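A.B. asks: So that we are looking at the same thing, I have put the structure below in structure tokens.
The values are calculated or read from the model by the stated rules, or taken from the named source; none is laboratory data. These numbers were taken from a predicted model, which means no experiment stands behind them. Cβ sites come from the backbone with ideal geometry, for glycine too, and all protein chains shown count toward neighbours. Remember, those area values only see protein heavy atoms, side chains included, never the ligands or the DNA or RNA. Shrake-Rupley method; radii C 1.70, N 1.55, O 1.52, S 1.80 Å.
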Amino acid sequence: MTQGLFRKGLTALALAGAVVVAAITGVQPAAAEKIKVAAIYTLPVEQQWISRIHKALNTAAERGDIEYVYSENVANTDYERVMREYSEAGQNLVVGEVFAVERAARAVAKDYPKTAYLMGSSFGPSGDNFSVFDNWIHEPSYLTGMIAGSLSKSGVIGMVGGYPIPEVNRLMHAFMDGVREVKPDTKFLVSFIGSWYDPPKAKEAAFAMMDTGADIMYAERYGVSDAAKERGVMAIGNVIDTQNEYPGTVVASALWHMEPTIDKAIEAVKSGSYEAADYGSYSFMSQGGGSLAPIDPKLVDEKTLAAVKIREQEIRDGLFRVNVNDSEPKSSK
Amino acid sequence: MNEILEILLSVSFWAAALRIASPLILGTLGELVCERAGVLNLGIEGIMTAGAMAGWMAVYQGADLWTGVAVAAAIGMILGFIHGVFTVPLGLSQHVTGLGLTLLATSLSYFTYRMILPDVPSPPRIEAFQPLAIPYLSDLPIIGPAIFEQTPLTYFALIAVAVVAFVLYKTPLGLAVRSVGENPAAAEAQGIDVYAVRIGAVMVGSGLMAVGGAFLTMSAFNAFFFEMVAGRGWICIALVVFASWRPGKALLGAFLFGAFDAFQVRLQQVVGGDIPYQIFLMLPYLLSILALIVMSRRAAYPKALMIPYRKGER
């Protein structure tokens, strides 16, 4: 946070300098130098989802394409203000997530037509400068489902989620579809803990599922893999790669890569061609936005690995389409 | 109906109930000690956060687990001292001071965490307390695995209940604490230093709360997260009323809440398809409110609770 603030001060200085230079020489600052990107996160940068965006922006900053500042753990009630502050400060591109402030964020964007906004959102783009993205990794989620289905002996799979919002639901459904391709009569246990960030609670929900016989856990939240590890049950990761942290527990993970989305947006801002668009498809496997983390061959049999490989190729080639279902998943009866 | 019985009869359910209850037992006990001396401590949520952060951070920096617990308790006592100074000799509003302390302690914890770990790709982990089976006792049917295969901090919480109950009711010190909470003028007439006893009680209580917070990062989980106390401190405030300011009943109340929560996650899987999940998440709170209504009708609160004592005033 302090670093963010410190950088923010530097940015303001740099901005003042840029304005002076622009005034003297009359050149467009965006075309001549690094573009200024600010990110606003409602959770700390360690949180899975946020960490992927943070990583992509850091990579772009290290490459020298952008100047990156950020504010983390911003309350939703404060989100609009922070958006305005960054917009007023002359940021070229503002990145963030507006799942709880969809309407307010769009209103702010309308007031700053010169700023480009790229926001994680459940809805579509709006106006001239408000683009949206999301973690569309339903494709690798489907593939992890196939692996989970092949590994489950009890035929019961547990899934612990934060809140049933579209981006969570669709990944869960894709995962379940993948499981059903391999093992059609699998029983699913689904619970939501009503928090993005309560590992002890997520752990308890996972324990309860394993007590009921779940032998594969779908780890949507922190804490689930820990519970699985304690009971010697296997888990499927989501968004980030945690296989190194839980060797022998996390067998497969559906990864999200934010780089293609961010790079595309930076390019558009640089060339002055930024417009309101849906960047969702840059999270697809074919765009490099989603992938399957390397699978431990000791844990998964060859037949399954081969089947997953074929499916993966079909998805990349556009021959197989993973269904998108945004409705709230329920436990099987 | 059968499934509900099955849940209630399973050992893992009772073990989960006690596990969920552990931080609440310590928090409630801490609040109870403060209130018994006549000081409401709404700093609890912040103190638990500070304990969760400080204890974890100490271990992450290389201290062993019990040293981490001691660090958490010490931080809690320092924060308790601040609350005590403002509310006891200065006699400021206990509500305002407590809420202010929660804001201060919470933000300070996040700030400190970020200063030390500015840019981490994923939450750093420690080697947390592992479940420890007590020889012989853990072999008992049902009760054994439910109560005696917990982590050491849970045993600490249970022992703390007994110690606090003993001190409060069987020692002169406990009598002093109770009397400054009931009638400070009479206590002073007996030669008891009201300020010292009140501040001391707030410090000890705050230390217990902080260890309750440390349970979350050092026993229930192995990493510190922003906002991970998640309102548990406020639940403790209500549990003290439920307990009628008695340690034994505090244990019962915290355990009941833990049981409701453990029941809720299990019930969600049995009938989850038909009922919105929010209903289940609401269940422990709803049942606690009902229990609170029933229990608190006969609650005898400390008579001098929230009334600042001014020396020599008549």
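A.B. asks: Could you tell me how many of the residues in the range A:204-214 are facing chain B (nearest Cβ under 7 Å) and either part of a loop (DSSP other than H, G, I, E, B) or out of contact with any strand residue (DSSP E or B) (no Cβ under 9 Å at 6 or more places or on another chain) (or both)?
C.D. replies: Of the range A:204-214, the ones facing chain B (nearest Cβ under 7 Å) are A:204-205, A:207-209, A:211-212.
In the following step, the residues that additionally are either part of a loop (DSSP other than H, G, I, E, B) or out of contact with any strand residue (DSSP E or B) (no Cβ under 9 Å at 6 or more places or on another chain) (or both) were identified as A:204, A:207, A:211-212.
Result for the range A:204-214: 4.
A.B. asks: Can you give me the number of residues within the range A:191-203 that are open to solvent by less than 20 Å² (accessible area, probe 1.4 Å) and more than 21 Å from the chain's Cα centre (by Cα)?
C.D. replies: Count: 2.
A.B. asks: What is the residue count in the range A:220-233 for residues that are under 26 Å from the mean Cα position of the chain (by Cα) and either within 13 Å of chain B (Cβ to nearest Cβ) or under 21 Å from B:Phe263 (Cα atoms) (or both)?
C.D. replies: Within the range A:220-233, the first condition is being under 26 Å from the mean Cα position of the chain (by Cα), and the residues that meet it are A:220-229, A:233.
Then drop every residue that is not either within 13 Å of chain B (Cβ to nearest Cβ) or under 21 Å from B:Phe263 (Cα atoms) (or both), which leaves A:221-229.
Matching residues across the range A:220-233 total 9.
A.B. asks: Please indicate, with yes or no, whether at least one residue in the range B:54-75 is touching a helix residue (DSSP H, G or I) at 6+ places or on another chain (Cβ under 8 Å) and within 29 Å of B:Lys311 (Cβ to Cβ).
C.D. replies: No.
A.B. asks: For the range B:34-46, indicate whether the set of residues that are within 16 Å of B:Ala243 (Cα to Cα), touching a helix residue (DSSP H, G or I) at 6+ places or on another chain (Cβ under 6 Å) and among the aliphatic types (A, V, I, L, M) is non-empty.
C.D. replies: Looking for residues that are within 16 Å of B:Ala243 (Cα to Cα), touching a helix residue (DSSP H, G or I) at 6+ places or on another chain (Cβ under 6 Å) and among the aliphatic types (A, V, I, L, M), one finds at least one in the range B:34-46, hence yes.
A.B. asks: Do we have any residue at all in the range B:94-117 that's polar (S, T, N, Q), within 14 Å of chain A (Cβ to nearest Cβ) and not in a helix (DSSP H, G or I)?
C.D. replies: In the first step, residues of the range B:94-117 are kept if they are polar (S, T, N, Q); the result is B:94, B:97, B:102, B:106-107, B:109, B:112.
Filter once more, so that each one left must be within 14 Å of chain A (Cβ to nearest Cβ): B:106-107, B:109, B:112.
Subsequent filtering for residues that are not in a helix (DSSP H, G or I) retains none.
No, the conditions are met nowhere in the range B:94-117.
A.B. asks: Enumerate the pairs (first residue in the range A:267-296 and in contact (Cβ under 8 Å) with a residue 24 or more places away in the chain and among the basic types (Lys, Arg); second residue anywhere and part of a helix (DSSP H, G or I) and open to solvent by less than 50 Å² (accessible area, probe 1.4 Å)) with beta-carbon separation below 7 Å, excluding pairs fewer than 6 apart on the same chain, so at least 6 apart or on different chains.
C.D. replies: From residues that are in contact (Cβ under 8 Å) with a residue 24 or more places away in the chain and among the basic types (Lys, Arg), the pairs are A:Lys270/A:Ala30.
A.B. asks: Going by the conditions given, is A:Glu72 over 26 Å from A:Gly120 (Cα atoms), modelled with pLDDT under 95 and either more than 14 Å from chain B (Cβ to nearest Cβ) or within 28 Å of the chain's Cα centre (by Cα) (or both)? I'd like the intermediate steps shown before the answer.
C.D. replies: Numbers: over 26 Å from A:Gly120 (Cα atoms): no; modelled with pLDDT under 95: yes; either more than 14 Å from chain B (Cβ to nearest Cβ) or within 28 Å of the chain's Cα centre (by Cα) (or both): yes.
So A:Glu72 does not fit the description; no.
A.B. asks: Select from the range B:119-155 the residues that are open to solvent by 70 Å² or more (accessible area, probe 1.4 Å) and not in a loop (DSSP other than H, G, I, E, B) and write down the one among them that is nearest to the other protein chains (Cβ to nearest Cβ). First the steps, then the outcome.
C.D. replies: So in the range B:119-155, the residues open to solvent by 70 Å² or more (accessible area, probe 1.4 Å) come out as B:121, B:127, B:130-132, B:135-137, B:139-143, B:149.
In the following step, the residues that additionally are not in a loop (DSSP other than H, G, I, E, B) were identified as B:137, B:139, B:143.
Values: B:Leu137: 21, B:Asp139: 21, B:Ile143: 18 Å.
My answer is B:Ile143.
A.B. asks: Another question, then. Evaluate the range B:89-107: report whether one residue or more is over 22 Å from the mean Cα position of the chain (by Cα), at pLDDT 95 or above and aliphatic (A, V, I, L, M).
C.D. replies: So far as the range B:89-107 goes, yes, one or more of its residues are over 22 Å from the mean Cα position of the chain (by Cα), at pLDDT 95 or above and aliphatic (A, V, I, L, M).
A.B. asks: Enumerate the pairs (first residue in the range B:211-225 and free of Cβ contacts under 8 Å to residues at least 60 places away in the same chain and open to solvent by 10 Å² or more (accessible area, probe 1.4 Å); second residue anywhere and charged (D, E, K, R) and part of a loop (DSSP other than H, G, I, E, B)) with beta-carbon separation below 9 Å, excluding pairs fewer than 6 apart on the same chain, so at least 6 apart or on different chains.
C.D. replies: So the pair list comes out empty.
A.B. asks: Another question about this same structure. Based on what the data block shows, is B:Gly207 closer than 15 Å to B:Pro23 by Cβ and either away from every other protein chain (no Cβ under 14 Å) or open to solvent by 10 Å² or more (accessible area, probe 1.4 Å) (or both)? Step through it out loud before you land on a result.
C.D. replies: Working: closer than 15 Å to B:Pro23 by Cβ: yes; either away from every other protein chain (no Cβ under 14 Å) or open to solvent by 10 Å² or more (accessible area, probe 1.4 Å) (or both): yes.
Here the answer is yes, as B:Gly207 does meet what is asked.
A.B. asks: Another question about this same structure. Could you please find all residues in the range B:253-269 being open to solvent by 40 Å² or more (accessible area, probe 1.4 Å) and at pLDDT 95 or above?
C.D. replies: Once the filter is applied, which keeps residues that are open to solvent by 40 Å² or more (accessible area, probe 1.4 Å) and at pLDDT 95 or above, the range B:253-269 yields only B:Phe255.
A.B. asks: Can you name the residue in the range A:93-106 that is in contact with a Ser or Thr (Cβ under 7 Å, 6 or more places away or on another chain) and surrounded by 17 or more Cβ atoms within 10 Å (Cβ to Cβ) and, of all such residues, is farthest from the other protein chains (Cβ to nearest Cβ)?
C.D. replies: A:Arg106
A.B. asks: In the list B:Ala17, B:Ala74, which residue meets the criterion of being within 14 Å of chain A (Cβ to nearest Cβ), within 19 Å of the chain's Cα centre (by Cα) and surrounded by fewer than 24 Cβ atoms within 10 Å (Cβ to Cβ)? Quick ask: steps written out before the conclusion?
C.D. replies: Numbers: B:Ala74 fails: within 14 Å of chain A (Cβ to nearest Cβ).
The match here is B:Ala17.
A.B. asks: Confirm whether A:Ala174 is of a type outside the set (S, T, N, Q) and either within 13 Å of chain B (Cβ to nearest Cβ) or at positive phi (or both). Before you say what the answer is, go through the steps one by one.
C.D. replies: Numbers: of a type outside the set (S, T, N, Q): yes; either within 13 Å of chain B (Cβ to nearest Cβ) or at positive phi (or both): no.
Answer is no for this residue.
A.B. asks: Are there helices (runs of 4 or more DSSP H) fully within the range A:215-333 with at least 1 residues that are open to solvent by less than 10 Å² (accessible area, probe 1.4 Å), over 30 Å from B:Gln278 (Cβ atoms) and not small (Gly, Ala, Ser)? List them.
C.D. replies: Values: elements: A:224-231, A:259-271, A:302-316.
Once the helices (runs of 4 or more DSSP H) in the range A:215-333 are filtered for at least 1 residues that are open to solvent by less than 10 Å² (accessible area, probe 1.4 Å), over 30 Å from B:Gln278 (Cβ atoms) and not small (Gly, Ala, Ser), what remains is A:259-271, A:302-316.
A.B. asks: Please go through the range A:53-92 and give me each residue that is in contact (Cβ under 8 Å) with a residue 40 or more places away in the chain and either surrounded by fewer than 20 Cβ atoms within 10 Å (Cβ to Cβ) or among the small types (Gly, Ala, Ser) (or both), ordered by number.
C.D. replies: Those that are in contact (Cβ under 8 Å) with a residue 40 or more places away in the chain and either surrounded by fewer than 20 Cβ atoms within 10 Å (Cβ to Cβ) or among the small types (Gly, Ala, Ser) (or both): A:Lys55, A:Ala56, A:Thr59, A:Ala60, A:Asp65, A:Ser71, A:Asn73, A:Val82, A:Ala89, A:Gly90.
A.B. asks: Can you say whether A:Ala61 is over 13 Å from A:Thr42 (Cβ atoms), among the small types (Gly, Ala, Ser) and in contact with a Phe, Trp or Tyr (Cβ under 6 Å, 6 or more places away or on another chain), as far as the supplied structure shows?
C.D. replies: Values: over 13 Å from A:Thr42 (Cβ atoms): yes; among the small types (Gly, Ala, Ser): yes; in contact with a Phe, Trp or Tyr (Cβ under 6 Å, 6 or more places away or on another chain): yes.
Yes, satisfied.
A.B. asks: Another question, if that's okay. Identify all residues within the range B:229-270 that are among the hydrophobic types (A, V, I, L, M, F, W, C), out of contact with any helix residue (DSSP H, G or I) (no Cβ under 6 Å at 6 or more places or on another chain) and at the interface with chain A (Cβ under 8 Å from one of its Cβ atoms); write none if there are none.
C.D. replies: B:Ala230, the sole residue that qualifies.
A.B. asks: Then there's this: Suppose the filter is in contact with a helix residue (DSSP H, G or I) (Cβ under 9 Å, 6 or more places away or on another chain) and more than 12 Å from chain B (Cβ to nearest Cβ); does A:Val239 pass it? I'd like the intermediate steps shown before the answer.
C.D. replies: On the way: in contact with a helix residue (DSSP H, G or I) (Cβ under 9 Å, 6 or more places away or on another chain): yes; more than 12 Å from chain B (Cβ to nearest Cβ): no.
Considered against the rule, which asks whether it is in contact with a helix residue (DSSP H, G or I) (Cβ under 9 Å, 6 or more places away or on another chain) and more than 12 Å from chain B (Cβ to nearest Cβ), A:Val239 comes out as no.
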